[in-house]
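Remarks on the structure that follows.
We did not get these values from a lab; they are worked out from the coordinates using the rules stated. Remember, predicted model here, so these are calculated numbers, not experimental data. In this analysis, Cβ positions are derived from the backbone assuming ideal geometry, glycine residues included, and neighbour counts consider all displayed protein chains.
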Amino acid sequence: TIRSKADLAINGAPPAFDEPLHVGRPNIGDRAAFLQRVNQILDNQWLTNNGPMVQEFEQRIADYLGVKHCVAMCNGTIALEIAIRAVGLEGEVIVPSWTFVATAHALYWQGITPVFADIDPATHNLDPAAVHRMITPRTSGIIGVHVWGRAAPIDELQAIADEHGLKLMFDAAHAFGSTYKGQTIGRFGACEVLSFHATKSFTTFEGGAVVTNNDQLAEKMRLMRNFGFHGYDNVVHPGTNGKMIEVCAAMGLTNLDDHADVIAINIRNHAAYTNALSGIPGISVLVYDSTERNSHHYVVVEVDSSCSVTRNQIVAALQAENVLARKYFWPGAHGMKPYSDIFPHAKLLLKNTEFVADQVVILPSGVAVTVDDIATIGAIIKQTVEC
Ligand code: T4K
């Protein structure tokens, strides 16, 4: 137990945790059910290429989200790349810098320039006024990101897109099961892109999907993810290999059955963190809107300038205790290559992104983290901050 500064590992005490606590520890559902599905795959001798598990998975996801089409892919980044091409983005596309670098890379990888717009520091999501300021004659679209599973300002972004004849799509990698004005994420913009990476609240090992209500777009993406094949020997579209494999779909089907339990644990953990960190000067937990659904997968703590120590000192203190807290998405995509070379002055336009990037810490959550663990993490932060 951590009762004083002398109990802290940064002051020479043994670490509070023997085993590391991870931000991205996977939530793994019913192992027996998963292994049964794997046996079925092996018995079927059908491992990939739009097999029965993938088809069942796509149907279950589409039903769960209340959207017409789910096109499952090998990961969220390839899903973004395929969606970007299918939607027809080109030239410049406005995105937040405050996102995982994959959002920007998916554009750049295809010869499109990601143009970074600033965020609202209260929500960490795109600021529509900032998006407006970044429009040029080369702009073809906007990719909004639902950061931490909280919906981007969808209506405002759609209004800007409509006014300027721009395409709009969403990176919903964090937002599986989230809502916007009571409607499940997945139906907005031209399409929305999900990630089912191991570190996400709902996982298929690696995996992703594009969801949309647009029949033609879905059809085009189905072709693109399978080299453009339409039946045997007949290639009707340029394409790549973006297919989800059967064993990933089996993991997804299994985890979908337990997703509600995972969310309940995340909500419990989020409340426990809020409680454990309340009253510590300069420390606050980002609050999710109580009227919307959110997986509460990310516990986002902000360390402001009134705190006696810096964000980096808190991260170092936690890591010394085997609590592998993260600084997602520091320093922001604009601070990473190649964007820091292309836009050397971006930080002047991205004041809120810079501000937020310097104060966030993401803490471990998910089924591997207990309420007792959270009390200990709270005590570590309290003693680190105490003068
Ligand atoms: N858009 C957004 C907004 C995203 O956040 C992401 C991905 C994407 C697009 C792209 O989707 P994908 O192509 O990835 O499907 C992790 C994830 O790899 C990445 O999926 C995620 N966002 C990002 C926010 O986080 P890293 O580089 O931080 O991962 P890593 O290896 O440091 O792992 C994080 C923690 O989780 C570590 O403490 C280790 C632990 N861990 C990790 C894995 C893989 C485990 O305990 N078990 C595991 O199996 O990027």
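Contact order for the range 1-114, expressed relative to its length and based on alpha carbon pairs under 8 Å spaced 6+ residues apart, stands at 13 percent.
Between Ala375 and Val235, the distance separating the two model label sites (each 7 Å from Cα on the Cα→Cβ line) works out to 6.2 nm.
What does the C-alpha gyration tensor say about the overall shape of the chain? Classify as rounded when a/c is under 1.5, otherwise prolate if a/b is larger than b/c, or oblate. The shape class here is oblate.
As a length-normalised measure over Cα pairs under 8 Å and 6 or more apart, the relative contact order of the chain settles at 24 percent.
Amide H contacts under 5 Å for Val145: Leu126, Asp171, restricted to partners 5 or more places along the chain or on a different chain, H placed in the peptide plane at 1.01 Å from N.
Among Glu292, Glu92, a tally of other beta-carbon atoms within 10 Å of each Cβ gives an order, fewest to most, of Glu292, Glu92.
Considering only DSSP beta bridges with both partners in the chain, what is the antiparallel share in %, to the nearest 5? In the chain, DSSP labels about 55 percent of beta bridges as antiparallel.
Cross-linked pairs Lys68/Lys167; Lys220/Lys347; Lys243/Lys351; Lys200/Lys243; Lys5/Lys337; Lys220/Lys327: Cα-Cα separations exceed 30 Å for Lys220/Lys347; Lys243/Lys351; Lys5/Lys337; Lys220/Lys327. Using the Cβ of Gln383 as centre and a radius below 13 Å, the other residues enclosed give a net charge of 0, where K and R count +1 and D and E count -1.
Each residue of the range 184-193 was assigned a 3J(HN,Hα) from its phi angle through the Karplus expression (A = 6.51, B = -1.76, C = 1.60, θ = phi - 60°), giving 5, 4, x, 9, 8, x, 5, 6, 10, 10 Hz with x at Gly and Pro.
Where only DSSP H runs of four or more residues are counted, the chain gives -11500 deg cm²/dmol as its mean residue ellipticity at 222 nm, each run worth -39500 (n - 2.57). Under the rule a/c < 1.5 gives rounded, and otherwise a/b versus b/c splits prolate from oblate, where does the range 1-115 land using the Cα gyration tensor? Oblate, because a/c is 1.5 or more while a/b does not exceed b/c.
Residue-normalised convex hull volume from the C-alpha trace of the range 116-180: 80 Å³ per residue. Run the numbers on the range 265-339 and let me know its relative contact order in percent, using alpha-carbon pairs under 8 Å that are six or more apart. Worked out over the range 265-339, it gives 23 percent.
Work from the charge dipole of the chain (Cβ charges, +1 for Lys and Arg, -1 for Asp and Glu, about the Cα centre) and give the residue of Pro15, Asn226, Gln40 farthest towards its positive end. The listed residue farthest towards the positive side: Pro15. For the range 140-195, a crude dipole built from +1 on the beta carbon of Lys and Arg and -1 on the beta carbon of Asp and Glu, taken about the Cα centre, is about 180 debye to the nearest 20. Percent of Cα pairs in the range 59-192 per distance bin of 10 Å, from zero to the largest separation: 13, 48, 34, 5, 0. Computed from backbone phi, the HN-Hα couplings of the range 70-79 come to 10, 10, 6, 9, 6, 6, x, 5, 5, 4 Hz, rounded to whole numbers (Karplus: 6.51 cos²θ - 1.76 cosθ + 1.60, θ = phi - 60°; Gly and Pro given as x).
Measuring between their Cα centroids, the range 159-182 and the range 91-110 lie 15 Å from each other. The charge dipole of the chain, taken about the Cα centre with unit charges on the Cβ atoms of Lys, Arg (+1) and Asp, Glu (-1), comes to about 340 debye, rounded to the nearest 20.
Shape class for the range 178-322: prolate, because the ratio a/c of the largest to smallest gyration tensor axis (alpha-carbon atoms, square roots of eigenvalues) is 1.5 or more and a/b beats b/c. Summing Lys and Arg as +1 and Asp and Glu as -1 over all other residues whose Cβ lies under 12 Å from the Cβ of Thr240 gives a net charge of +2.
Using θ = phi - 60° in the Karplus curve 6.51 cos²θ - 1.76 cosθ + 1.60, the 3J(HN,Hα) couplings for the range 226-241 round to 10, 6, x, 6, 10, x, 6, 6, 10, 9, 10, 7, x, x, 9, 10 Hz; x is entered for Gly and Pro. Neighbour counts of other Cβ atoms within 10 Å put Tyr232, Tyr180, Tyr64 in the fewest-to-most order Tyr232, Tyr64, Tyr180. Counting other Cβ atoms within 10 Å as a rough exposure proxy, the listed residues His22, His164, His345 run His345, His164, His22 from fewest neighbours to most. Using the average count of surrounding beta-carbon atoms within 10 Å as a protection proxy, the listed peptides 253-263, 377-387 rank, highest first, as 377-387, 253-263. Ranking Ile84, Leu126, Ile112 by Cα position along the charge dipole of the range 76-212, where only Lys, Arg, Asp and Glu carry charges on their C-beta atoms, puts Ile84 farthest toward the positive end. Count Lys and Arg as plus one, Asp and Glu as minus one, and take only other residues whose Cβ is under 12 Å from that of Gly76; the net charge is then -3.
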